[in-house]
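Scroll down for the structure; my scribbles are underneath it.
The values are calculated or read from the model by the stated rules, or taken from the named source; none is laboratory data. Nothing here was measured: the structure is a model prediction, and the numbers come from that model. Cβ: placed from backbone, ideal geometry, glycine included. Neighbour counts: every protein chain shown. Ligands, DNA and RNA are excluded from the accessible area calculation, which covers all protein heavy atoms including side chains. Shrake-Rupley method; radii C 1.70, N 1.55, O 1.52, S 1.80 Å.
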Amino acid sequence: MFKIIHAEFLAPGIKRFVIEAPRIARKQKPGQFVILRIYEEGERIPITIENSNPERGTINIVVQAAGKTTNLLNSLETGDSILDVVGPLGKPSEIANYGTVVVVGGGVGTAMAYPTAAALKRAGNRVLSIVGARNKELVILEPEMRAVSDALMITTDDGSYADKGFVTDKLRQLIDNGTRIDLVVAVGPIVMMKAVAEVTRKENIHTVVSLNPIMIDGTGMCGGCRVMIDGKSEFACVDGPEFDAHKVDFAVLVQRNSMYRDAEQRSMAEFTNAQKTASGDEAHACTATSGARQGEQR
Amino acid sequence: MSTTAKKSANPLLPKERIKVPRQLMPEQPAEVRAHNFEEVNLGYSAELAQQEALRCLECAKPTCTDNCPVGIDVKEFVQRIVIGDFLGAAAKIREANVLPAVTGRVCPQEDQCEGKCLLSKKVKPLGIGYLERFVADYEQRMGTHVVPNIPPTGKKVAVVGSGPSGLTVAGDLIQKGHKVRVFEALHEIGGVLVYGIPEFRLPKQIVREQIDYMREMGVEFETDVVVGRTVTIDELLEEEGYDAVYIGTGAGLPQFMNVPGEHFNGVYSANEFLTRINLMKAYKFPVYDEPMLDLHGKDVAVIGGGNTALDAIRSALRLGARKAYVIYRRSDAEMPARAEEVHHARQEGIDFQMLTAPVEFLSDDKGWLTAARCVRMELGEPDASGRRRPVPKEGSEFDLPLSVAVIAIGTSANPIVQSTTPGLGTNKRGYIQASEETQRTTRKGVFAGGDIVTGSATVILAMGAGRRAATSIHEYLTTGDW
């Protein structure tokens, strides 16, 4: 059992948990993730590690409610426990002094981009960060990102905060202004990562994205997380999760992530109904709208 | 042992023993079991077991024991069954094998003990596996495990992986007085015994009971630890104070065929397919949250001819598949699966497409599998494995309509431990180098065995490696010599 020692909403539907996991806290590096299972009948899902504190033996995870499991997770409070948390999984981000790095975080993906941005900054890079969200309420980790960036740009889809538009608009601007960019790191929804990849491909800027396909064990055993990289199958859990954006077949990723959509929607509908019945009050029903996967949400 | 000239308890003369027919294993009727996950074999009664035990010829030089990877004293335990001392028989097996209820069910006996049984020269071999299973189950039902009281040595051993080889090492070393802690990456103990082998062949309750017994003996288990990621081998040795480490991390990454369309929705690796069913209980969705594709009325094929392939396709049949095919590129004779599983699968109505291989998967416009494009093969000259090489027959291409395809063509080495342990030698294929005699690796105090050393093999071979490792770990801990 892994105890939640602090839980707080960062935005509607996005919650940060501080979890007692001393072994993981000691080893966690930027770019890595955990797999967790909440209770005996629960599924195993990969979740972003936002930060860790080796001295206190804690890790921070950030969860966006999307399907049943993430909604259930976000209903947990300080003092509750999670049955299984395993990690840190995946290869860490490759941290070096590249020069100028643009770090792009979309939605809850910002939580995964943040530790990488911080490490890149510590390694001596000039870090220009772009954070995008649907609206003002969903912009997360702004002070944290600002603290590790030489410049922070924010966009919202509806213009309710900072600049109206998409993260790619800001990236385009940087390129058009003649900013020399040595590396782009993008973590967010698949459509966003694909759009970033298209922008940088033309400019020949090395770009890394963090993929979040369907996973079970996270150690290479099941092969469910295979992604097409440069026409070849690779396992996101052991070969990734970060890959060269220009080699990723995003269409295959979208297709494979849709494999259980029917089941996910059914789970979510049953969960929502159970919640409504339990509370007798629709206002308590969750904020999420569909059974979309965590990976597609961020 | 065979050296003591004991008077036989068996009332029958050898020539009479040969006349006793091999006792059939009671089993669920094929048409019933094809629709449930209950165990296929029901087990011998005491009467059947004693009748079968009478057939043992009590050879002066028992080849059965020589051909057992863990060296079970078959003759002795079978004699104890003859006289009705079933617990004594179980204790005899336990001297060599910490998981008798498991091996009695999943060992390929025809290639080992029973394969060399003297009886098989004239009649059917002694049902050694069935007898082993009987006494292990009897012992379990009686609930009379003896927990030995052993003085502690003060030494600590870390076992990485809780599959058959890790459990064997743990069981053997705890009985030598060492402290043993087993680390498991998944949330359940048992490795392939819980995520891979289905309920109808090895009930999970049996595995849990064997593990509970180990807990009673003092073995500690820690789940959710991926050694190499959560903690490294070096940290176990240097910071956590372990005196030796055994690596038994198992098979590893599933292999794919690298034919077009393997990424379509509906194409699974056998590991994923079986893990969803066995470990995650996806077939009980939505009671359990992990989903899997609904197989009711669907056409499903497995590609491969090993035990894993048969486990997958027989699971698909039980989950409502309309057609369930095995697609295997060689012929019956080369199939690596246990004979009993092939027999059971045929009884259940699995359609074996032998000498056939997929060359491509086809899909609809949304990326969902619709068919496998296959070719028929013929056997040519022997290849490196000594088996005749399958060669495609020209013009034999055909499309087999399918909703789900499961790829069960083997695994390759999982790199996590190797890549995070400096100085740990590996072979060309990435498996850990270990002495065949002592299971020592190139790192002092680090031993390895099972599939992570040999590549995909069987439960009992992994247990054999575990036994050898336990012996040499004990020697190392006692003498300090490397």
Among A:Glu55, A:Glu43, the single one that is in a loop (DSSP other than H, G, I, E, B), without any contact (Cβ under 8 Å) to a residue 24 or more places away in the chain and open to solvent by 10 Å² or more (accessible area, probe 1.4 Å) is A:Glu55
When restricted to A:Thr155, A:Thr200, the only residue in contact with an Asp or Glu (Cβ under 8 Å, 6 or more places away or on another chain), open to solvent by less than 10 Å² (accessible area, probe 1.4 Å) and hydroxyl-bearing (Ser, Thr, Tyr) is A:Thr155
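Out of B:Leu400, B:Leu379, which single residue is farther than 30 Å from A:Leu253 by Cα, surrounded by 14 or more Cβ atoms within 10 Å (Cβ to Cβ) and in contact (Cβ under 8 Å) with a residue 24 or more places away in the chain?
B:Leu379
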*Would you say B:Arg467 is outside any strand (DSSP E or B), under 22 Å from B:Gly71 (Cα atoms) and charged (D, E, K, R)?*
yes
Those residues of segment A:37-69 that are within 16 Å of the chain's Cα centre (by Cα), over 18 Å from A:Tyr260 (Cβ atoms) and within 13 Å of another protein chain (Cβ to nearest Cβ) come to a total of 3
Taking segment B:382-397 and keeping only residues that are open to solvent by 80 Å² or more (accessible area, probe 1.4 Å) and closer than 26 Å to B:Asn427 by Cβ, one is left with B:Pro382, B:Ala384, B:Arg387, B:Arg389
In segment B:441-473, residues that are open to solvent by 50 Å² or more (accessible area, probe 1.4 Å) and touching a residue at least 24 places away in the same chain (Cβ under 8 Å) total 6
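Residue-wise test of (1) open to solvent by 10 Å² or more (accessible area, probe 1.4 Å); (2) of a type in the set (Ser, Thr, Tyr); (3) within 14 Å of chain A (Cβ to nearest Cβ).
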residue: B:Thr103; (1), (2), (3): no, yes, no
residue: B:Lys116; (1), (2), (3): yes, no, no
residue: B:Lys121; (1), (2), (3): yes, no, no
residue: B:Ala158; (1), (2), (3): no, no, yes
residue: B:Gly166; (1), (2), (3): no, no, no
Filter segment A:233-245 for residues that are open to solvent by 10 Å² or more (accessible area, probe 1.4 Å) and more than 8 Å from chain B (Cβ to nearest Cβ); the one that is farthest from the chain's Cα centre (by Cα) is A:Glu234
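What are the residues in segment B:287-303 that are part of a loop (DSSP other than H, G, I, E, B) and either touching a Ser or Thr at 6+ places or on another chain (Cβ under 7 Å) or within 14 Å of chain A (Cβ to nearest Cβ) (or both), if any?
Within segment B:287-303, B:Val287, B:Tyr288, B:Asp289, B:Glu290, B:Pro291, B:Met292, B:Leu293, B:Asp294, B:Leu295, B:His296, B:Lys298 qualify.
For (1) surrounded by fewer than 21 Cβ atoms within 10 Å (Cβ to Cβ); (2) without any contact (Cβ under 8 Å) to a residue 40 or more places away in the chain, each residue gets a yes or a no:
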site	(1), (2)
B:Glu39	yes, no
B:Leu42	yes, yes
B:Gln51	yes, yes
B:Leu54	yes, no
B:Cys59	yes, no
B:Thr63	yes, no
B:Asn67	yes, no
B:Phe77	no, no
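Yes/no matrix, rows are residues, columns are (1) within 9 Å of chain B (Cβ to nearest Cβ); (2) touching a Cys at 6+ places or on another chain (Cβ under 7 Å); (3) at pLDDT 95 or above:
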site: A:Met193; (1), (2), (3): no, no, yes
site: A:Ile205; (1), (2), (3): no, no, yes
site: A:Ser210; (1), (2), (3): no, no, yes
site: A:Lys247; (1), (2), (3): no, no, yes
site: A:Arg261; (1), (2), (3): no, no, no
site: A:Glu264; (1), (2), (3): yes, no, no
site: A:Ser279; (1), (2), (3): no, no, no
Going through segment A:70-96 in order, the residues found to be in contact with a strand residue (DSSP E or B) (Cβ under 7 Å, 6 or more places away or on another chain), in a loop (DSSP other than H, G, I, E, B) and more than 12 Å from chain B (Cβ to nearest Cβ) are A:Leu76, A:Glu77, A:Thr78, A:Gly79, A:Asp80, A:Ser93
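The rows are residues; the columns are (1) open to solvent by 40 Å² or more (accessible area, probe 1.4 Å); (2) assigned to a loop (DSSP other than H, G, I, E, B); (3) in contact with a Cys (Cβ under 7 Å, 6 or more places away or on another chain); (4) within 14 Å of chain A (Cβ to nearest Cβ).
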{"site": "B:Tyr325", "(1), (2), (3), (4)": "no, no, no, no"}
{"site": "B:Arg330", "(1), (2), (3), (4)": "no, yes, no, no"}
{"site": "B:Ala333", "(1), (2), (3), (4)": "yes, no, no, no"}
{"site": "B:Ala337", "(1), (2), (3), (4)": "no, yes, no, no"}
{"site": "B:His343", "(1), (2), (3), (4)": "yes, no, no, no"}
{"site": "B:Gln347", "(1), (2), (3), (4)": "yes, no, no, no"}
{"site": "B:Pro358", "(1), (2), (3), (4)": "no, no, yes, no"}
{"site": "B:Phe361", "(1), (2), (3), (4)": "no, no, no, yes"}
{"site": "B:Lys366", "(1), (2), (3), (4)": "yes, yes, no, yes"}
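When you check B:Tyr130 against the structure, is it open to solvent by 10 Å² or more (accessible area, probe 1.4 Å), in a helix (DSSP H, G or I) and within 23 Å of B:Ala337 (Cα to Cα), yes or no?
yes
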Counting only residues in segment B:386-416 that are of a type in the set (A, V, I, L, M) and in a strand (DSSP E or B), the one nearest to B:Leu253 (Cα to Cα) is identified as B:Ile407
The helices (runs of 4 or more DSSP H) lying entirely within segment B:199-280 that contain at least 2 residues which are more than 10 Å from every other protein chain (Cβ to nearest Cβ) and surrounded by fewer than 23 Cβ atoms within 10 Å (Cβ to Cβ) are B:204-217, B:233-238
Take A:Gly224 and decide whether it is touching a strand residue (DSSP E or B) at 6+ places or on another chain (Cβ under 9 Å) and within 14 Å of another protein chain (Cβ to nearest Cβ).
-> yes
Note on B:Lys15: of the conditions (1) surrounded by 16 or more Cβ atoms within 10 Å (Cβ to Cβ); (2) not in a loop (DSSP other than H, G, I, E, B), unmet is (1)
Per the filter on segment A:150-174, residues in a helix (DSSP H, G or I) and closer than 12 Å to A:Gly132 by Cβ are A:Val167, A:Thr168, A:Asp169, A:Lys170, A:Leu171
